[in-house]
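Here's the structure, in structure tokens; my notes come after.
The values are calculated or read from the model by the stated rules, or taken from the named source; none is laboratory data. Just so we're clear, the structure is a prediction, and the values are computed from it rather than from any experiment. Because the Cβ atoms are built from the backbone with ideal geometry, glycine has one as well, and the counts that use them run over all protein chains shown. Note: accessible area is taken over every heavy atom of the protein model, side chains too, but ligands, DNA and RNA are not part of it. Shrake-Rupley method; radii C 1.70, N 1.55, O 1.52, S 1.80 Å.
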Amino acid sequence: MPPNLTDAIVTAAEMRQIEQRLFDAGLPVAALMEKVAGRIAARIQTLYPRSRYPRIGILIGPGHNGGDALVIARELHHSGYRVALWQATDKLKDLPTAHLRYADRLGIPIHRTITPLQASDLIVDGLFGFGLERAIAGNLADSIAQINAWQIPIASIDLPSGIHTDTGATMGIAVRATHTLCLGLWKRTCFQDRALAALGTTELIDFDIPPADIHAILGNPPPVRILTNTIARQHLPIPREPTTHKYRQGYLLAIGGSQRYPGSIHLTALGARASGVGMLAIATPEAVVPGLIARLPEALALSCPPTNTGAIAALPNHADLTRTTAIACGPGITLDAGPLLDVVLDLPQPLVLDADALTLLAQRDAVATLQQRRAPTVLTPHAGEFQRLFPKLPDPNGDRLAAVRAAAEVSNAIVLLKGARTAIAHPNGNTWVVPISTPALARGGSGDVLAGLLGGLVAQLPGSNLHTLSATAATWHARAGVIAAREHTELGVDAFTLTQYLTRAAMQITRDP
Ligand SMILES: NC(=O)C1=CN([C@@H]2O[C@H](COP(=O)(O)OP(=O)(O)OC[C@H]3O[C@@H](n4cnc5c(N)ncnc54)[C@H](O)[C@@H]3O)[C@@H](O)[C@H]2O)[C@@H](O)CC1
Ligand SMILES: Nc1ncnc2c1ncn2[C@@H]1O[C@H](COP(=O)(O)OP(=O)(O)O)[C@@H](O)[C@H]1O
Ligand SMILES: [K+]
């Protein structure tokens, strides 16, 4: 299968339509269940070897998620595990009914209360998959609460039961998995921040869906996708042309800083430096310039007149922006820099807006202002900034993928919604998801670094796909965080430390498959 097809991210409805095409084409439902469950059973035996996990408790729901679980139970039983089942509900669909009867015949114990499963080394959760249609309540909910309290590792089939397949919402209560084995194609919920704690480690179990069936339902390329390393690599500005020179390697103007927040623009500048941009100019209040140049001697300082609060009042009169290929604006400018933002929005270069620039934008009619821009804009809000910018759109702490897509559509800007799973939407609905990150990045200043890195990347490749470039910068940044956290723990990745790992992250992107 071409690698890009496993990058598609689907909704429950799309998955159902794709599966239906396979069934319509002649693949028996039971055959698919055997195949899928066989692959999961094999994976479980690798992840949880019988020597260390001899006793497996399996939760059986009423639908085909339960059917998968029963096939897995049978296979693990034959492989020598001691398997015990909890049948969660009376009424089962036909396939699970048949498999349950056969499990009984094999002598696998079938319990109607969960207590006997407490003596398990691993729980396999086959209660609900993408067929969950209402909140879990009553005895079922109580049982899930108890299972979660047992502190036994849990492997969920397809999804942690109780998590909405698309939105990541908890439907009443949800199994808290250690490991989620997502089947066939990634479900949206795997990239919704609010579901991450329930998902545990996620892994895709491929079952050979023909690409034509995926494309028939999702289109080609699919609209919502993981940004893979391969794509990120194609959007790094390396290798450089042998005869290039500094003015051909991009000219970024980074605008930020104030007397109150002099540090953020340093971090943005260090992010830009790591992007490899040919020329870096920094517009900041004159009081901030000396410290900045001490740290980044290569940068061109545009010393700006200050407001009476020490914010940037305007760009310097002499500033010649003709060579500028991209602009990043916002870190540390404070809310006193409104007139500056008006000037910046009017400039003809691609523009990355971050931090205070977003809050200032929210104080005017953000959507109308963005619609009027002559050049492309990338907005890089965290959830709080997003809510200020787009108060009428879906909550960015809820269904983040829906929220970011709606924002890009209404604003005609590329919107990069930061978080544990950063999502980047294009106005046409295409959305990249960055599948990795680390909570080590959850501290002040790491976003400033991203703004600079992204600005520097855009400056170097102004004619390239801005949407994918933005996602590449987010991946690059996240990878740097992951490498830094490995070496410094999650506590040791302050924003400056992060900047020192960006080059290593670029090397990793260029080397990894
Ligand atoms: N068709 C197949 O053979 C395949 C099945 N797969 C598995 O099938 C799953 C989807 O199967 P289904 O469509 O049967 O759906 P589920 O197994 O997710 O469950 C649906 C059943 O649960 C009931 N239900 C829904 N919400 C409930 C609630 N809150 N409380 C109590 N009962 C509730 C429904 O009435 C229905 O009977 C996937 O997640 C996956 O595990 C696929 O992965 C692979 C192919
Ligand atoms: N829990 C988390 N897990 C992974 N990444 C995170 C987490 N929290 C924040 N991040 C990342 O850290 C950065 C924080 O940016 P931002 O909130 O703008 O911080 P600041 O404005 O202080 O620089 C973003 O890139 C975001 O994706
Ligand atoms: K499940």
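Worth pointing out:
- Among the residues of segment 80-105, those identified as more than 16 Å from ligand 3 (Cβ to nearest atom) and touching a strand residue (DSSP E or B) at 6+ places or on another chain (Cβ under 9 Å) are Tyr81, Arg82, Val83, Ala84, Leu100, Ala103, Asp104.
- So His77, is it open to solvent by 50 Å² or more (accessible area, probe 1.4 Å) and within 16 Å of ligand 3 (Cβ to nearest atom): no
- Among the residues examined, Leu296 does not qualify as touching a helix residue (DSSP H, G or I) at 6+ places or on another chain (Cβ under 7 Å) and open to solvent by 10 Å² or more (accessible area, probe 1.4 Å).
- Filter result (surrounded by fewer than 21 Cβ atoms within 10 Å (Cβ to Cβ) and at pLDDT below 95) within segment 347-367: Arg364, Asp365, Val367
- Residues of segment 305-329 that turn out to be modelled with pLDDT of 95 or more, more than 26 Å from Leu416 (Cβ to Cβ) and hydrophobic (A, V, I, L, M, F, W, C), as a count: 2
- Candidates Thr165, Thr170 - the one that is among the β-branched types (Val, Ile, Thr) and away from ligand 3 (no atom under 12 Å from the Cβ): Thr170
- Among helices (runs of 4 or more DSSP H) entirely within segment 445-513, having at least 3 residues that are touching a residue at least 40 places away in the same chain (Cβ under 8 Å) and surrounded by 24 or more Cβ atoms within 10 Å (Cβ to Cβ) singles out 446-460, 466-488.
- All positions within segment 1-52 that are outside any helix (DSSP H, G or I), of a type outside the set (A, V, I, L, M), at pLDDT 95 or above and away from ligand 1 (no atom under 12 Å from the Cβ): Thr11, Gly26, Tyr48, Pro49, Arg50, Ser51, Arg52
- Whenever a residue of segment 41-54 is within 16 Å of His78 (Cβ to Cβ) and open to solvent by less than 70 Å² (accessible area, probe 1.4 Å), its partners that are of a type outside the set (A, V, I, L, M, F, W, C) and in a helix (DSSP H, G or I), lying with C-beta atoms within less than 9 angstrom and at least six residues away or across chains, give the pairs Ala41/Arg74; Ala41/Glu75; Ala42/Glu75; Ile44/Glu75; Gln45/Glu75.
- If the condition is being touching a strand residue (DSSP E or B) at 6+ places or on another chain (Cβ under 7 Å), touching a residue at least 60 places away in the same chain (Cβ under 8 Å) and either within 16 Å of ligand 2 (Cβ to nearest atom) or in a strand (DSSP E or B) (or both), then segment 144-180 contributes Ala155, Ile157, His179.
- Residue match in segment 427-436 (condition: buried (at least 24 other Cβ atoms within 10 Å of the Cβ), assigned to a loop (DSSP other than H, G, I, E, B) and touching a Leu at 6+ places or on another chain (Cβ under 8 Å)): yes
- Considering Ala73, Ala119, Ala69, the condition of being modelled with pLDDT of 95 or more, near ligand 1 (Cβ under 10 Å from one of its atoms), among the small types (Gly, Ala, Ser) and farther than 19 Å from Gly172 by Cα is satisfied by Ala69 alone.
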